Amino acid sequence: KQQSLKQKYQDYFYVGAAADQNSYIDHAELLKTHFSSMTTENEMKFESLEPSQNQFDFALADKMVAFAKSNQMQMRGHALVWHRQTPQWVFFDETDNKRSKDQVLAIMKNHIDNVVGHFKGKVDYWDVVNEAIMDDGSMRTENESADDQKSWWYGTIGKDYIAAAFHYAHAADPNAKLYYNDYYNYIPARQQAIYDLLKSLLEQGVPIDGVGLQAHLNTIPSDDPNHQSYYQSIENLEKAIQLYASLGLDVQITELDVSLYIGGHKYEKSDFYTADTIPAELDEKQAQRYADLFAMFRRNSQHISNVTFWGIADDNTWLSEFDSGREDFPMLFDVKHQPKSAFNAVMDF
Ligand code: XIL
């Protein structure tokens, strides 16, 4: 019988997967066999748990947590404070006026008290704040040009929103481990800014246990000649891990996937792959990329407690943009839930 991921990695780190309200059921076998940790992909986001003020809905998340616990999996809670998937009422009142700092802090506290309190003793790790830093290393504010990039947490509370969120979360469950989570950790300016943020939180006595690296990557990082060599480089991800760990923080890889497409490349529809047309050579390249990543994770395993994939198998991934007809195949298991070359690659050491 084939060995499982979680057994193979038990001396290194927990291996997790993000599941949603459907996939934890129809991918139950893979979850139970291979994974020792689970994240809710959307079901613990602000808009899911508190769609209108003080009206909490824990039904879906409760079922998923029960599944995880009954299968001895660690549970990652994702995400308490984020600029996306958070309802407008949090920041704007009925007449569309921006709320005051004190009002939004009270809303944040109430949300965190209820959510972290509800899952006390069941959620092991919380992504407390997600994506607060921009590529140039500046703080994400309400002035970012695209609407979906704006942070109204910053726009109402100011930079102290980060520390406040950690204090509230710690008060609600002193035993839960608390993480700051962000993406593109291979970009030097971003890496430095995240390091500086973490360091200043620690110096202020903010209760933070670790840092999450999302790690949404591509098999072929980019064909853009303007992209610097650090773009998606494993070496720079390793630097980030070691830099953050030098602060005494735990590191987790929280949202790993490796797209089959070239990063940023403009494809014609006719170039999209389907499950049956993935070139063997590309499947092998993806496997090699996963092998290199996991070799790096293993040699840094003293810093890393959990490596979580953002999905389970290729039939359910956020990278498949169904409206444009472009499916992606970024996971270790294929659309039929069978292990791919990438699975064999991470198991081969
Ligand atoms: C994504 C989910 O996978 C999608 O289903 C949803 O439509 C949008 O959010 N970074 C994060 C995750 O921190 O919460 C995002 O999840 C992916 C990017």
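What the table below lists for this structure:
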| quantity | calculated |
| --- | --- |
| Tally of residues being away from the ligand (no atom under 11 Å from the Cβ) and farther than 18 Å from TRP126 by Cα across the range 304-324 | 7 |
| Residues of the range 261-281 classified as under 29 Å from SER36 (Cα atoms) and surrounded by fewer than 17 Cβ atoms within 10 Å (Cβ to Cβ), total | 1 |
| When residues of the range 109-133 are limited to those that are within 16 Å of the chain's Cα centre (by Cα) and not β-branched (Val, Ile, Thr), the one farthest from the ligand (Cβ to nearest atom) | ASP124 |
| Scope the range 321-342; condition farther than 19 Å from HIS34 by Cβ and surrounded by 17 or more Cβ atoms within 10 Å (Cβ to Cβ); matching residues | GLU327, ASP328 |
| Sole exception among (1) part of a loop (DSSP other than H, G, I, E, B); (2) surrounded by fewer than 14 Cβ atoms within 10 Å (Cβ to Cβ) for TYR12, by number | (2) |
| Residue tally, condition touching a Phe, Trp or Tyr at 6+ places or on another chain (Cβ under 9 Å), farther than 21 Å from ALA164 by Cβ and not aromatic (Phe, Trp, Tyr), over the range 52-92 | 12 |
| Pair list, Cβ under 9 Å, 6 or more apart: the range 251-276 residue without any contact (Cβ under 8 Å) to a residue 24 or more places away in the chain and more than 20 Å from ASN300 (Cα to Cα), other residue of a type outside the set (Ser, Thr, Tyr) and within 16 Å of the ligand (Cβ to nearest atom) | none |
| Residue in the range 42-57 that is in a loop (DSSP other than H, G, I, E, B) and either β-branched (Val, Ile, Thr) or at pLDDT below 95 (or both) present | no |
| In the range 135-190, the residues that are more than 16 Å from the ligand (Cβ to nearest atom), in a loop (DSSP other than H, G, I, E, B) and of a type in the set (A, V, I, L, M, F, W, C) | ALA176 |
| Among (1) of a type in the set (Val, Ile, Thr); (2) closer than 25 Å to ASP124 by Cβ; (3) surrounded by fewer than 19 Cβ atoms within 10 Å (Cβ to Cβ) - the single one THR141 does not satisfy | (2) |
| Selection within the range 16-30 - within 26 Å of GLN85 (Cα to Cα), crowded, with 21+ Cβ neighbours inside 10 Å and away from the ligand (no atom under 11 Å from the Cβ) | GLY16, ALA17, TYR24, HIS27 |
| Residues located in the range 58-108, provided they are assigned to a loop (DSSP other than H, G, I, E, B), surrounded by 14 or more Cβ atoms within 10 Å (Cβ to Cβ) and away from the ligand (no atom under 16 Å from the Cβ) | PHE58, ASN71, MET73, PHE91, ARG99 |
| From GLU281, GLU255, GLU268, residue being among the acidic types (Asp, Glu) and within 16 Å of the ligand (Cβ to nearest atom) | GLU255 |
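The values are calculated or read from the model by the stated rules, or taken from the named source; none is laboratory data. Keep in mind that this is a model prediction, so the values were computed, not measured. Because the Cβ atoms are built from the backbone with ideal geometry, glycine has one as well, and the counts that use them run over all protein chains shown.
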